[in-house]
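Have a look at the structure below before the remarks.
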Amino acid sequence: MSELKGIYALWYREFKVFQRERSRVVSSIVNPILWLLIIGGGLGSAVSFTGIFSGINYQTFIFPGILIQTALFSSVFFGVYIVWDKKIDFMKEVLVAPMRRTSIFVGKILGGSTDTLIQIFILLVIGFAFMNIGIMPGLQMNFLSVFSSMVILFITTVGLVSIGLIIGSQMESPEGFQLIGSFLIFPMFFLSGALFPLDRLPSWLSPFILVNPVTYAVDAARGMLLGKSQFSLTFDFMIVTLFAIIMILIGTYAFKKMKI
């Protein structure tokens, strides 16, 4: 079996699993919409921005953060499938195949990233509809902004799926994975600036936000979809890409050391 055929087989298997889990697809779409309409609508009535986001509707402001939230939850929790694959001995069959573990890891990354990007694309379509009916005025959605957003979201997703696979490769039970995954995901989301601007933060909070790579993914998506960001897009892109590369390297090492 060539490496490329093996990667394709793993990607196709993950894609078929995703297609059959309709409840997962529905919940991954409904939850972000509830955040936009309920959290965004409720807090939006009490929030007004100054500075570079002056005049921006709160629901419009958090929309890029909600996209990243979807990527974060979907990508990291994708790693639980590694735990299940080990339990049903599917992973054992994959590991004895004449494939390098690096290729197995790449196939898993592409499968998880495809699942996540499909969910994000659906949310972008919903965002386009909300923009046109006036729920999210100020959103700048055209071919270039959507395409560039998908690029930065893909790179972010690759890094986040790698985190999920790293955790999954080291865990023996789905319950343990859920515990570790939740412990990691919620700080990454709440400390990303997805729900609030980064200027005028308390001095003790700023370091936690600045070391979080998800912060730069949110900022980049906001720059592309709102035309306003707090860092340069080049800087955001460099940080997110570096994050993805480091996670791929660590994940490849974790897969090579994984025991069944």
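Report, in debye and to the nearest 20, how large the dipole of the chain comes out about its Cα centre when Lys and Arg carry +1 and Asp and Glu carry -1 on their Cβ.
For this selection, approximately 520 debye.
Suppose all protein chains stay in the model; what accessible area per residue would a 1.4 Å probe give for the stretch 34-77, in Å²?
36 Å²
Can you list which of the trypsin sites (Lys or Arg not before Pro) found in the stretch 190-247 are DSSP loop residues with at most 14 other C-beta atoms within 10 Å?
Sites meeting the loop and neighbour criteria: ARG200.
Compute the accessible area per residue over the stretch 169-216, keeping the other protein chains in place, probe 1.4 Å, unit Å².
55 Å²
So which residue, out of LEU205, LEU191, LEU117, gets the largest mean-square fluctuation from a GNM of the chain using Cα contacts under 10 Å as springs?
Result for the chain, Cα springs under 10 Å: LEU205 fluctuates most.
What is the chain's relative contact order, in percent, from Cα pairs under 8 angstrom and six or more apart in sequence?
Averaging sequence separation for qualifying contacts and normalising by length gives 27 percent for the chain.
Which of ILE52, ILE135, ILE66 moves the most in a Gaussian network model of the chain with Cα springs under 10 Å?
ILE52
Take the solvent-accessible surface of the protein heavy atoms, probe 1.4 Å, and return the percent of it on the chain that carbon and sulfur atoms account for.
The C+S portion of the solvent-accessible surface of the chain is 71 percent.
Please calculate the 1.4 Å probe accessible area of TRP84, with all protein chains present, and give it to the nearest 10 Å².
Spelled out: TRP84, probe radius 1.4 Å, area about 120 Å².
What ³J(HN,Hα) values, in whole Hz, does the Karplus curve 6.51 cos²θ - 1.76 cosθ + 1.60 give for the stretch 79-90 when θ = phi - 60°, with x put for Gly and Pro?
x, 5, 5, 5, 4, 5, 4, 6, 5, 9, 6, 5
Could you point to the residue in LEU95, PRO213, LEU72 farthest towards the positive end of the chain's charge dipole, with +1 and -1 charges on the Cβ of Lys/Arg and Asp/Glu respectively?
Working it through, the farthest residue towards the positive pole turns out to be LEU95.
Taking the Cβ of PHE237 as the centre, find all other residues whose Cβ is under 14 Å away and add up their charges (Lys, Arg: +1; Asp, Glu: -1).
Spelling it out: positives minus negatives among the neighbours equals -1.
So what is the 222 nm mean residue ellipticity for the chain from helices alone, if each DSSP H run of at least 4 adds -39500 (n - 2.57) and you divide by all residues, rounding to the nearest 500 deg cm²/dmol?
-24500 deg cm²/dmol
Excluding residues on the same chain fewer than 8 positions from LYS86, give the lysines whose Cα lies under 27 Å from its Cα.
LYS5, LYS16, LYS108, LYS256, LYS257, LYS259
With each pseudo-label sitting 7 Å past Cα toward Cβ, what's the PHE190-LYS5 distance in nm, one decimal?
Here the modelled spin labels are 5.0 nm apart.
Given H placed on each backbone N at 1.01 Å, which residues far from ILE56 in sequence or on other chains put an amide H within less than 5 Å of it?
Close amide H contacts, sequence-distant or interchain: PHE49.
Suppose all protein chains stay in the model; what accessible area per residue would a 1.4 Å probe give for the stretch 106-162, in Å²?
Here the residues of the stretch 106-162 average 38 Å² of exposed surface.
Of the candidates SER27, SER229, SER182, which one comes out as most mobile in a Gaussian network treatment of the chain with C-alpha springs shorter than 10 Å?
SER27
Please give the residues of the stretch 146-188, grouped as numeric ranges, whose backbone N is less than 12 Å from a label point set 7 Å along the Cα-to-Cβ vector of VAL17.
What the label zone holds, given the 12 Å backbone N cut-off, is 165, 168-169.
Can you work out ³J(HN,Hα) from phi for every residue in the stretch 241-248, in order, using Karplus 6.51 cos²θ - 1.76 cosθ + 1.60 and θ = phi - 60°, giving whole Hz and x for Gly and Pro?
5, 4, 4, 5, 5, 4, 5, 5
The values are calculated or read from the model by the stated rules, or taken from the named source; none is laboratory data. Worth saying up front: this structure is predicted, and the values here are computed from it rather than measured. Quick reminder, even Gly has a Cβ in these numbers, built from the backbone with ideal geometry, and neighbours come from all protein chains shown. To get the accessible areas, we keep the full protein, side chains included, count just its heavy atoms, and leave off ligands, DNA and RNA. Shrake-Rupley method; radii C 1.70, N 1.55, O 1.52, S 1.80 Å.
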